[in-house]
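Okay, structure first, notes after.
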Amino acid sequence: MARIRAVLFDIDGTLLDSNDAHAHAWLDSLRGHGRNVPFALVRSKVGMGADKLLAELVGVAPTSVEGAAIRERRAMIFKARYLPDLGPFHGSRVLVDRLRSRGLVCAAVSSASADDIADLLRAAGVADLIDVVVSADDADRSKPDPDLVEVALDRIGVTAGEALMIGDTPYDVAAGERAGVPVVALRCGGWPDRDLAGAIALYDDPADLSSQLDRSALALDRESNPPSAGWGLRARRVAV
């Protein structure tokens, strides 16, 4: 395994306890448009971008008039009704801070929109620790396609073998695999181990991974070199 120089973090379900909230916001919006979908089905799609989620749930194109209205309503419901009560998983900030202190670039790679991602990072308590931010707006295709991961690699200036992704859904695992980036999966997002089978390792939550950092794939960072100073020219730090 190559020396790790960058860590790509999913946010929802990985650093922030928000998967159920996202599912409820989608459900509320869909019902407001006369679309009745079981909660369990909506919850199983959280982690995809809206471009895929709407098509899979109700066969609606996200760029259609109805699709745009559902997405806009979901965003308003999420921010007003659910976001204020969200908080990070135990150990989220400690994990990101420990990795940055070891010289690794920390990036957020999320299927959330650019409008949502700053709020999510603040709610997770890590906005000031993230060096590079990649949202659904930065690529044509969201997870489980590899596009967002590939954008992150390009912005940081590392190869797939020099990065490691930390996520919580099968869509994170698939996106990482398709981009050639190993994925460490966390169970805190709510998926059973069988759905995360492609991950190179499983941990309960950020605190669990942080406590075992020196016995994990990320222990390699003790011998790694951070990317050259030039990577920062392409980085986009999220506003606090």
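Please pick out the residue among Asp115, Asp97 that is over 16 Å from the mean Cα position of the chain (by Cα) and assigned by TED's automatic domain parsing to the domain that holds Asp205. Give the derivation first.
Details: Asp115 fails: over 16 Å from the mean Cα position of the chain (by Cα).
Exactly one residue qualifies, and that residue is Asp97.
Would you mind stating whether Ala55 is surrounded by fewer than 17 Cβ atoms within 10 Å (Cβ to Cβ) and hydrophobic (A, V, I, L, M, F, W, C)?
Details: surrounded by fewer than 17 Cβ atoms within 10 Å (Cβ to Cβ): yes; hydrophobic (A, V, I, L, M, F, W, C): yes.
Yes; evaluated as a whole, the condition is true for this residue.
Selection of segment 43-91 for residues being of a type in the set (Val, Ile, Thr) and either in contact with a Pro (Cβ under 7 Å, 6 or more places away or on another chain) or touching a residue at least 40 places away in the same chain (Cβ under 8 Å) (or both) yields Val46, Ile70, Ile77. Filtered by the rule that a residue be assigned to a helix (DSSP H, G or I) and within 17 Å of Lys45 (Cα to Cα), segment 177-197 gives Arg187, Cys188, Gly189, Asp193, Arg194, Asp195, Leu196. When His90 is tested against (1) at pLDDT 95 or above; (2) farther than 23 Å from Val134 by Cα; (3) part of a helix (DSSP H, G or I); (4) not acidic (Asp, Glu), just one condition goes unmet, and that condition is (3).
Could you tell me whether any residue of segment 61-76 is at positive phi and exposed (fewer than 14 other Cβ atoms within 10 Å of the Cβ)? Before you say what the answer is, go through the steps one by one.
Quick first cut of segment 61-76, residues at positive phi only: none.
Checked against the condition, which is being at positive phi and exposed (fewer than 14 other Cβ atoms within 10 Å of the Cβ), segment 61-76 yields no hits at all.
Please find, among Ser92, Ser29, the residue that is assigned by TED's automatic domain parsing to the domain that holds Ala152 and surrounded by 18 or more Cβ atoms within 10 Å (Cβ to Cβ). Of Ser92, Ser29, the one residue that is assigned by TED's automatic domain parsing to the domain that holds Ala152 and surrounded by 18 or more Cβ atoms within 10 Å (Cβ to Cβ) is Ser92. Considering Arg71, Arg81, Arg31, which residue is under 20 Å from the mean Cα position of the chain (by Cα) and in a helix (DSSP H, G or I)? Answer to the check: Arg71.
The values are calculated or read from the model by the stated rules, or taken from the named source; none is laboratory data. No experiment lies behind these values; they were computed from the predicted model shown. We place every Cβ from the backbone using ideal geometry, glycine too, and count neighbours over all the protein chains shown.
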